[in-house]
Amino acid sequence: MHRLQDAASLDRPAGVLDRVADTALPSPRARSVLRGDQLGQALHPLLTDFPLGAWTCTSLLDLFGGRRARGAATGQLAFGLAAAVPTVLAGLAEWQTASGAARRVGLVVRGREQAPRWPCTRPRWRSAHR
């Protein structure tokens, strides 16, 4: 972890992601709302429960629900994908407030955790729409 914290080479990719975040969230008000400033509590951790819960339900319905549960599983998958959008945006807004070591660790750890999830939903979505 210390190697990540000290890796100044991550500052350049972080700058690229920062510009992407500026494009996705041009409004300071939107960033403030997505960070949860009005609540006095970060919004991102709360929002993560929605897509993760929906995708967990999708898996359980697929595993144990049989053909009868296919529609419900597809609905849960769609809800999870829709809920992931504000969750990612809230995470970006929160990440933009970080600096130095926290910013570098967030870039690598969150990228490694989250990036593989999106492609994993694609085969399930395709099978539901055949």
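Just so you know, all these numbers are worked out from the coordinates, no wet-lab data involved. Because the structure is predicted, anything quoted here is derived from the model rather than measured. Virtual Cβ from ideal backbone geometry, glycine too; neighbours counted across all protein chains shown.
What does the charge count around A93 come to, taking other residues whose C-beta lies under 12 Å from its C-beta (Lys +1, Arg +1, Asp -1, Glu -1)? Kindly include the intermediate steps, with their values, before the conclusion.
Details: positive: R29, R31, R35; negative: D18, D22, D37, E94.
The answer is -1.
Taking the highest mean first, how do the peptides 31-44, 78-91, 7-20 order by number of other beta carbon atoms within 10 angstrom per residue? Numbers along the way, then the final one.
Numbers: 31-44: 15.9, 78-91: 18.4, 7-20: 12.4.
Taking the mean over residues of other Cβ atoms within 10 Å, the ranking is 78-91, 31-44, 7-20.
Residues in the range 68-88 near a label at L39, defined as backbone nitrogen under 15 Å from the 7 Å Cα→Cβ point?
Residues passing the 15 Å test: 83-88.
Compute from the Cα atoms of the range 1-104 the Rg and the Dmax, the latter being the longest Cα-Cα distance, and quote both in angstrom.
Final numbers for Rg and Dmax: 17.4, 52 Å.
If Lys and Arg each add +1 and Asp and Glu each add -1, what is the summed charge of the other residues whose beta carbon sits under 13 Å from the beta carbon of A21? Don't jump to the answer; show the numbers that get you there.
Numbers: positive: R19, R31, R35, R103, R110; negative: D18, D22, E94.
Counting the neighbours of A21, the net charge comes to +2.
Evaluate E = 1/(1 + (r/R0)^6) for S127 and F50, where r is the Cβ-Cβ distance and R0 equals 22 Å; express this FRET efficiency to the nearest 0.05. Spell out each step's value before the answer.
Details: r = 23 Å, r/R0 = 1.03.
E between S127 and F50, to the nearest 0.05, is 0.45.
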